[in-house]
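Mind having a look at this structure? Questions to follow.
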Amino acid sequence: MSSPDVPPLRLNGREIGRHAIMAVVNRTPDSFFDRGATYGFGAALDAVGRAVAAGADIVDIGGVKAGPGADVGVAEELRRVVDLVAAVRERYPDVVISVDTWRAEVGEAVARAGADLLNDTWGGPDPRLAEVAAAHGVGLVCAHAGGLTPRTRPHRIGYDDVVADVVAHVTAGAERAVSLGVRRDAILIDPAHDFGKNTRQSLEITRRLGELTATGWPVLVAVSNKDFIGETLGRPVDERGVGTMAVLGVSALLGARVFRVHDVPAARRALDAVTALGA
C-alpha cells in the first residue's frame, strides 16, 4: 500500500511504486534522440525487452514525433503502434503499457490491443481521449502544452505565472477525466517541460514542481535529454545525460512519481540513490 503522502496509482492491476520509470520507445523514423533506431517493429520490440530487463515499470510507445516534421495521419500512427502494443502485451503481461497519443481513434485501438495508459502529452486537443480512457478502464496522463496545436512549437509564448497556469490546466483535466469515469487512481498530471514553454519556463516548473505534487495527483516528469537541459548546459542532444539525471533527482526530491526516460539503467541508478539517501 502507498504511504499516506504518496497518492495511489494503479495501472495494469497493480500499484505503482514511489519512483516508477517510464521507458521511451519511439516507432518513428525521425525521433529527436534516437533518430529512428527503434522505428522497425523488431527493433522496437527488442528495445522494450531491454527496458523491462533494466527495470522499467512502464513502457511508453509513440508513433508520432512530438516536434514539427512529416505529416503522420491516423492510419499511419495506428500502423506503427497497435501491433507493437499487442506484441508487448503478449510477451510482457506484467509491464504497464503506455501509448503517447493525442488522438481518440488511436487511443481506442491501443486500448483494445492491451494498453494500460494513454499519455496525452499535448494537453487535451481531442477531448474524446478521456472518454476513451473511461470506456476502456485505462489510465490517462493530463498534460499542459499551453494550448498549442500538436506538433507545433511556441513562438514568444508567455504566462503571468507558468506554474499556476500548469496547475490549473492539468488539475481541471484530471477532474474532468474523473467525471467521465476514469479511475482517480489511474490519472497522472504532467507539466510537459518544453511543450508550449521556453527554457526559462521549463526551469521555473522544475524549481517549483512541489506545487504540482501538492495537488495530490501523481506527477509524471518527461525531461529526458530535452532542449531546456541542453540550452541551460550548452550541450547537444547526445551530451545531456548527466543533466537529465540531475533534473530527475531534483524532481524526485520534490515528489514526482513517474519518470519518462531514454536511459533506463542510468535513471534506475539515480532514483535508487535518491531512495537510499532517505529522500
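Within the stretch 177-203, can you find the residues that are surrounded by fewer than 19 Cβ atoms within 10 Å (Cβ to Cβ) and in contact with a helix residue (DSSP H, G or I) (Cβ under 7 Å, 6 or more places away or on another chain)?
Those that are surrounded by fewer than 19 Cβ atoms within 10 Å (Cβ to Cβ) and in contact with a helix residue (DSSP H, G or I) (Cβ under 7 Å, 6 or more places away or on another chain): 178, 180, 181, 184, 199, 203.
Here's a follow-up. So for the stretch 44-56 (the condition being touching a residue at least 40 places away in the same chain (Cβ under 8 Å), closer than 24 Å to residue 226 by Cα, of a type in the set (A, V, I, L, M) and not in a helix (DSSP H, G or I)), does at least one residue qualify?
Among the residues of the stretch 44-56, at least one is touching a residue at least 40 places away in the same chain (Cβ under 8 Å), closer than 24 Å to residue 226 by Cα, of a type in the set (A, V, I, L, M) and not in a helix (DSSP H, G or I), which makes the answer yes.
Moving on. For residue 215, which of the numbered conditions (1) of a type in the set (Val, Ile, Thr); (2) within 17 Å of the chain's Cα centre (by Cα); (3) more than 18 Å from residue 17 (Cα to Cα); (4) outside any helix (DSSP H, G or I) fails to hold?
It is condition (2) that residue 215 fails.
Does residue 160 qualify as being surrounded by fewer than 16 Cβ atoms within 10 Å (Cβ to Cβ), without any contact (Cβ under 8 Å) to a residue 24 or more places away in the chain and among the charged types (D, E, K, R)?
yes
Checking the conditions here, which among 93, 68 is closer than 19 Å to residue 50 by Cα and in a loop (DSSP other than H, G, I, E, B)?
After applying the criteria, what remains is 93.
I'd like the residue in the stretch 50-73 that is surrounded by fewer than 15 Cβ atoms within 10 Å (Cβ to Cβ) and among the aliphatic types (A, V, I, L, M) and, out of all such residues, is farthest from the chain's Cα centre (by Cα).
70
Being touching a Phe, Trp or Tyr at 6+ places or on another chain (Cβ under 8 Å) and part of a helix (DSSP H, G or I) is the filter; apply it to the stretch 227-279 and report the residue that is surrounded by the fewest Cβ atoms within 10 Å (Cβ to Cβ).
In this case the residue turns out to be 237.
Sticking with this one: Applying the selection to the stretch 30-49, what residues are more than 16 Å from the chain's Cα centre (by Cα) and among the aromatic types (Phe, Trp, Tyr)?
Within the stretch 30-49, 39, 41 meet the criteria.
Among the listed residues 27, 79, 14, which satisfies the condition of being under 18 Å from the mean Cα position of the chain (by Cα) and basic (Lys, Arg)?
Checking each option against the conditions leaves just 27.
Can you tell me which residue within the stretch 213-226, out of those that are of a type in the set (A, V, I, L, M) and in contact with a helix residue (DSSP H, G or I) (Cβ under 6 Å, 6 or more places away or on another chain), is surrounded by the fewest Cβ atoms within 10 Å (Cβ to Cβ)?
219
Bear in mind that the values in this text are calculations on the coordinates, not laboratory data. What you see is a predicted model; the values in this text were computed from it and never measured. With ideal geometry, Cβ positions are generated from the backbone for all residues, glycine too; neighbour counts draw on all protein chains shown.
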